Every structure is written in C-alpha cells, then in structure tokens.
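One structure is given here, and the rest of the page talks about it.
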Amino acid sequence: MTSVGIDAIEIHTGKLKLDLAETFAPAKGEEPEKYTKGLGLAASSFPDTYEDIVTMGANAAHRLMKRRGLEPADIGRIDVATESAFDNSKPVSTYIAGCLEQVFEGDFHHANKGERKFACISGTQSLDDAYNWIKAGRNRGRSALVIATDTALYARGDAGEATQGAGAVAMLIAEDPDLVELSAEQGYGSADETDFLKPNQQFPSVDGKRSVQVYLARMREALEDFESVSGDTHPDDFVLVPFHTPFPGMVRKAALLGYRHMIRDTSIEEELAAEIGRQPRYEAFEDEAAFLDAVREYTDALKDTETYLEWYDRVIAPTLEIAREVGNWYTGSVHVARASGLKHALENDWEIEGKKLLVGSYGSGAQAEIHAETVQPGWEEEIAHLNVDEQLEARRDISFEEYERVHDAHNHDKRLDDVEEFTVPDGEFAFDGWGRMGERKYRFVE
C-alpha cells in the first residue's frame, strides 16, 4: 500500500523577539531563572503589527510551494488549524488561499478548504484528515496543504504570559513522502475538561495546575490506547519523541511519565532495580493513596538516574531547541518539536532513515493523540531547506514598553490602527487594512 505522510515542511516565526531573562523578568520583578530554568524558555516570538495568523500561514505556505515548484492545481485540500481565528464563519484557509493566488498562476477554486479547532491538537487532527483523504483515494493525485498558525497571546498579567509565542508551520501531505510516513495506528485520550478555554474571548482562561494534570492524564491514556493497537512501546523503539510543547518544563514531566510507563516489565526496569528498586505494583499496597505515594517516590528517583537522563538528552532534548527561542505556538507546537528534533539530527549527522518517531499531540478541553512516524530517505534534504535559524537571528528585540504596544495592537477588542510597524515587510504577505464588511485585507509586499 502506498505510504502517506509529510512530504515537505516550512516554518515562519513572528518578526519580533521578547527576551525573557533580559527584558520580561526585570519588568515583572522576577528572577530570570523562573523562566529560563523553570519554564525552560529563553525568548518569545511576536508578530509585528502587519503580521497575523493569515500572513504567517501564507508566508510559510508560499515558501513551501515555491521551493517545491508547486502550483494551486497541485493542491486539492487546504486545512488550517488555529485557535486564534478572528471570524466565526469564514475559515482562515480562504484568506490564505486568497493570499497565495496573488503570487501563483491559477487558483484554488477546486480545492477543499476548512478550519480545524480543538485547541493545540487540531494541527495533528488536520494531518489525520489529509491522511485519510489521500488513503481514501479522493485526492485525484493531488496533495494536501496543512497549516498550523497561531498568535498564542495571554492577557497581560496572566500567569501564562511568559509562554506566549506566534508563528506558523506549513506541511505538505502527500503519497510517498520525503520526510516522514504517518502510521495507521493511533491512540487517543479524551475527556470533557475545562483546563484551558476561551468562551467568546480572545485570551484564554486557564487553570494552570489543573491543565498540567489533564495534559499528563490524557497523554497516558493515549499511549495506552496506542499500545492496544500497535503493541508495547519501548524507549529504544524511537529515535525522537516530539511532544506538544506549551513550554519545555511541561515536556519534562510528560517525558518522565512516558519513560516510566515504557520501561515497566523490561530489562531496563530490572537493571535499574538495584539502584532505585522496581516500579510499585498496585496489588502490593493496601490502598490507592499508599500506592500513589510509592509511585511518586519511584518517579522522583527515576528522573535522576543516568539511564533516564541519557535517554532524555538523546530523545527529548533535541525536540525542544526551537521552542526555547519562540514560546508556545499552540497548534504548531508539536510540529515545531518534530522539526527541531530532525534539524538536530541533521546537524549532528544522525543516520535515522527508517527509524521511528513517537509523536504526542495534545489539545486542552481535552484530547491527546499518540502516533508513530517513520523517517523517509529524503528527510535530510528536506530539513536542510529550513531557514528557521536565519529567521530567529533576524528578529527585532523589543523593549517591555514596545511589547505592551504590540500586545495592544493584536488585542481584538482594541482594534488599534495607529501602532507603527517595528520592521519593514519584504517579499512577504502583510495586513493591508479593513474591507467594507469588516474583513481583513492582505497584500504581497515585493
């Protein structure tokens, strides 16, 4: 059967940079380590005043299509995943298609367009939709364009403010992919939760402690469900494990619990037994409270073992390198993590063709998905085209006062039109004012 997966990928980050240690922490009267060590973040990316989810998504898609020599006729489906939409009817994909039609011959009139929403997991759900569309034979030889784009902003003064970020990931989903093949097997963990939500509001309402608990619980359920169809997982099965990364500190928790689960009843657990004992078994305890206390004690010991730390540094840490510099991109987060890990592998001459990734996606509300991906023969050439380092280096550092201005500029309730641009658009799409029905307009700036 023909393989289906991610054939190409491009990343577009916001043009502005807020340094958390040098700028944000002093303004908040906090120690830099609260952000750099606790959250695991160095900086946040922000959109300039002429940038938004449409321009970032369109710029990523434009670069991808231009680099791969694609025309609109080659694309049969455009799905945009976002939780930053500004229209409750017209999908962001139509805006992005309109932008792309300014620079390509032909149009997307025969492409199916849609917008996915389930918090941060909707980018992966859009991949699933494209995969199923191609596997069903409904694509007529065409590929799908999946774009995850968000401005992940919090209200000023919110506890989540330091995790903010803005950017887009564009992915081409096709037969015989060059980057990774998606597995048919998936695992889900889903429940009706109110850990993070936006009831008719732009900025989220968050129960931070609850959100971490729900994230970990749904990930555990998804891994168990994945194993029910794919068989038991083992730490040595996967060369990289990209997680949804609202901030690297949360991934540290998820990775530890996932590793503990995967080593249960394996030779790794036995080898560690002399050092930290075997994992607690429920049947050995009189009540659940005593069992959970023992599990916490074992987990605390596990995280300091050389065996675990070596695995984490090799399999998890590479996926966090970009996230540390850009913050949370909501729907794009796990896809940035994948790109970060593969970029690290390329830069360090890893031979990973044919090896597997285990991808853990999550969206508040809440749902997690676990699936595997197999690295394809063309992965090195594809990842070599990423210019994310150049984009990060080119960002303009902003002061805290400038941060407050740009935050206001992207506050839908304020709708400010008089905030000056911090950078000059060049060879990209830019916001171009409001239309007669209150719609946002865009133009390509040569």
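The values are calculated or read from the model by the stated rules, or taken from the named source; none is laboratory data. As the structure is a prediction and not an experimental result, all values here were calculated from the model. All Cβ positions, glycine included, derive from the backbone under ideal geometry; neighbour counts span all protein chains shown. What goes into the accessible areas is simple: the full protein's heavy atoms, side chains included, and nothing from ligands, DNA or RNA. Shrake-Rupley method; radii C 1.70, N 1.55, O 1.52, S 1.80 Å.
Per residue, the chain exposes 43 Å² of accessible surface when a 1.4 Å probe is rolled over the protein heavy atoms with every protein chain present. Taking 0.36 nm per residue of separation and subtracting the current Cα-Cα distance, fully stretching the chain between GLU227 and LEU309 would add 27.1 nm. Taking only protein heavy atoms and a 1.4 Å probe, the accessible area of the stretch 351-446 is 42% carbon and sulfur. Using the empirical formula 2.2 N^0.38 Å as the baseline, the Cα radius of gyration of the stretch 118-266 reaches a ratio of 1.18.
Protein heavy-atom surface of the stretch 19-169, 1.4 angstrom probe: 43% of the accessible area is carbon and sulfur, with nucleic acids and ligands not counted. Counting only lysines at least 8 places from LYS135 when in the same chain, those with an alpha carbon closer than 30 Å to its own are LYS66, LYS90, LYS113, LYS117, LYS343, LYS355, LYS356. For the stretch 1-102, the convex hull spanned by the alpha carbon atoms encloses 174 Å³ per residue. Two numbers describe the Cα atoms of the chain: Rg and Dmax, which are 21.7, 72 Å. Taking Cβ atoms as reference points and 9 Å as the exclusive limit, the residues near ILE9 contribute a net charge of -2, counting Lys and Arg as +1 and Asp and Glu as -1. Distance between the modelled labels on ARG405 and VAL212, one decimal in nanometres: 3.6 nm (7 Å Cα→Cβ projection).
Each residue, ASP236 and ARG140, gets one label point 7 Å from its Cα in the Cβ direction; the gap between the two is 5.0 nm. Among beta bridges identified by DSSP and lying wholly in the stretch 1-124, the antiparallel ones come to about 40 percent.
A cut-off under 12 angstrom between Cβ atoms defines the neighbours of LYS90, and their net charge, with Lys, Arg +1 and Asp, Glu -1, is -1. Put the Cα centre of the stretch 222-264 next to the Cα centre of the stretch 359-411 and the gap is 21 Å. When only alpha carbons are used to place a centre, the stretch 25-50 and the stretch 126-196 end up 26 Å from one another.
Expressed in whole Å with the largest first, what are the equivalent ellipsoid semi-axes of the stretch 145-203 derived from the C-alpha gyration tensor as the square root of 5 times each eigenvalue?
Working: eigenvalues 190, 66, 21 Å².
Square roots of five times the eigenvalues give 31, 18, 10 Å.
Within the chain, DSSP assigns beta bridges of which about 75% are antiparallel (rounded to the nearest 5).
Mean silhouette area of the stretch 368-446, derived from the convex hull of its C-alpha atoms and averaged over all directions, reads 9.9 nm².
Using a Förster radius of 60 Å, what is the FRET efficiency between ARG296 and HIS110 based on their Cβ-Cβ separation? Nearest 0.05, please.
After rounding to 0.05, the efficiency reads 0.60.
Treating r as the C-beta distance of GLU175 and GLU393 and R0 as 35 Å, the FRET efficiency rounds to 0.45.
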